[in-house]
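Novice: Below: one structure in structure tokens.
The values are calculated or read from the model by the stated rules, or taken from the named source; none is laboratory data. Everything quoted here is computed from the prediction, not taken from an experiment. Positions of Cβ are backbone-derived with ideal geometry, glycine not excepted, and every protein chain shown enters the neighbour counts. We work out accessible area using only protein heavy atoms, side chains counted, and drop any ligands, DNA or RNA first. Shrake-Rupley method; radii C 1.70, N 1.55, O 1.52, S 1.80 Å.
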Amino acid sequence: VANADTIEMKVYGLVCGFCAQGIEKTLRKNPATADVLVSLESGLVAVATQEGRDIPDADLTKALTDSGYDVKAITRTQRRLEDIRNELKKAK
């Protein structure tokens with residue numbers, strides 16, 4: 001069984017909780033999205049995809065740039081959002 005992938009993006013321009021909610025709402029509209037994590041402190045947006053699904057980089061970049069953000073890097077990993085959340089908590 002293939003694990004769901006996580007797409008991690010470094011994003012510039014994240015400054016407030018309202019921004020984070022907007023990004024989360026936009027990304028959750030994609031049918032391939034399972035979960036979304038937005039960290040203002042680290043400028044990280046992570047999207048867990050549904051098993052066997054993917055979201056093209058171009059779609060992710062467009063969703064964020066249309067909202068006024070600058071995507072610096074997109075990486076696909078096998079890390080679970082839960083693990084990323086825990087790492088972010090430890091880093092504080």
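Novice: At 1.4 Å probe size, with the rest of the protein present, what percent of the exposed accessible area of the chain is carbon and sulfur atoms?
Specialist: The C+S portion of the solvent-accessible surface of the chain is 51 percent.
Novice: Segment 1-42: which trypsin sites (Lys or Arg not before Pro) are DSSP loop and have at most 16 other beta-carbon atoms within 10 angstrom?
Specialist: K29
Novice: What longest region of the chain stays clear of GluC sites (Glu not before Pro) that DSSP places outside H, G, I, E and B and that have at most 12 other Cβ atoms within 10 Å?
Specialist: Longest site-free region, per DSSP loop and neighbour criteria: 52-92.
Novice: Would you list which lysines come within 17 Å of K62, measuring only between C-alpha atoms, while excluding same-chain residues fewer than 8 positions from it?
Specialist: K10, K25, K29, K72
Novice: Using Cα pairs closer than 8 Å and at least 6 residues apart in sequence, work out the relative contact order for segment 1-79, in percent.
Specialist: Contact order relative to length: 47 percent.
Novice: Across the Cα atoms of the chain, what radius of gyration and what greatest pairwise Cα-Cα distance (Dmax) are found, in Å?
Specialist: Rg then Dmax for the chain, in Å: 12.3, 38.
Novice: How high is the FRET efficiency from E82 to K29, r the C-beta distance, R0 25 Å, rounded to 0.05?
Specialist: Once the sixth-power term is evaluated, E becomes 0.65.
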